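Okay, so here's the structure we're looking at.
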Amino acid sequence: MAIKRMTKQDLPHSLGAFKPVGHVLLALRDEDTARDAERALHEAGFDQEDVLHFTAGEHEGRMDAMLDHASDFAGFGYEIVLMRRYKKLSAEGCRWLLIYAPNDVEAETVGDIARRFGSPMAVKYHRLVEEDLI
């Protein structure tokens, strides 16, 4: 089964928790760094539609809504821990890039770019688990 590329209108979740399978969520400290990382991703071969840019407010609002409605079962998983971290980083002003990276080679490229731009967090979402890339 093919992995769907997300759009800003999508709210990918499982049991109410954020779950963009086949994507990497990358936090960046400010707008300039996020724009530079986005440019580097495009230079590395990611298409325009492969990279979604979210402001701190956009992402924090989504996390608040999902945390308020997440299933008790989601609380047993790493997803809730991640969502709380995302909320904290958003409150600190982090920008977010959600990158379509369905295979390991693409995820490795995103991880390399995340490290180059000092990302505090980069998480690859698989069907059953989440993987910290940095």
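The values are calculated or read from the model by the stated rules, or taken from the named source; none is laboratory data. For clarity, every value in this text was computed on a predicted model and none was experimentally measured. Every residue, glycine as well, gets a Cβ built from its backbone with ideal geometry; the counts of neighbours run over all protein chains shown.
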In segment 114-130, how many are over 11 Å from the mean Cα position of the chain (by Cα), in contact (Cβ under 8 Å) with a residue 24 or more places away in the chain and farther than 19 Å from Thr55 by Cα?
4
Go through segment 19-32 and count every residue that is farther than 18 Å from Lys124 by Cα and assigned to a loop (DSSP other than H, G, I, E, B).
2
Positions within segment 64-79 being at pLDDT below 55 and aromatic (Phe, Trp, Tyr), in sequence order:
Phe73, Phe76
Out of (1) in contact with a Gly (Cβ under 9 Å, 6 or more places away or on another chain); (2) at pLDDT 70 or above, the one Gly22 does not meet is (1)
I'd like to verify a number: residues in segment 77-134 that are over 15 Å from Phe46 (Cβ atoms) and among the polar types (S, T, N, Q), how many?
2
For residues in segment 33-59 being part of a helix (DSSP H, G or I) and among the small types (Gly, Ala, Ser), which is surrounded by the fewest Cβ atoms within 10 Å (Cβ to Cβ)?
Gly57
Select from segment 75-105 the residues that are acidic (Asp, Glu) and over 14 Å from the mean Cα position of the chain (by Cα) and list them in ascending order.
Glu92, Asp104
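Matching residues to (1) of a type outside the set (Val, Ile, Thr); (2) modelled with pLDDT of 90 or more; (3) in a strand (DSSP E or B):
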| site | (1), (2), (3) |
| --- | --- |
| Ser90 | yes, no, no |
| Gly93 | yes, yes, no |
| Leu97 | yes, yes, yes |
| Thr109 | no, yes, no |
| Ala114 | yes, yes, no |
| Gly118 | yes, yes, no |
| Lys124 | yes, yes, yes |
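Is it the case, given these coordinates, that Leu82 is at pLDDT 90 or above, within 18 Å of Lys19 (Cβ to Cβ) and touching a Phe, Trp or Tyr at 6+ places or on another chain (Cβ under 8 Å)? Reasoning before the result, please.
On the way: at pLDDT 90 or above: no; within 18 Å of Lys19 (Cβ to Cβ): yes; touching a Phe, Trp or Tyr at 6+ places or on another chain (Cβ under 8 Å): yes.
In short, no.
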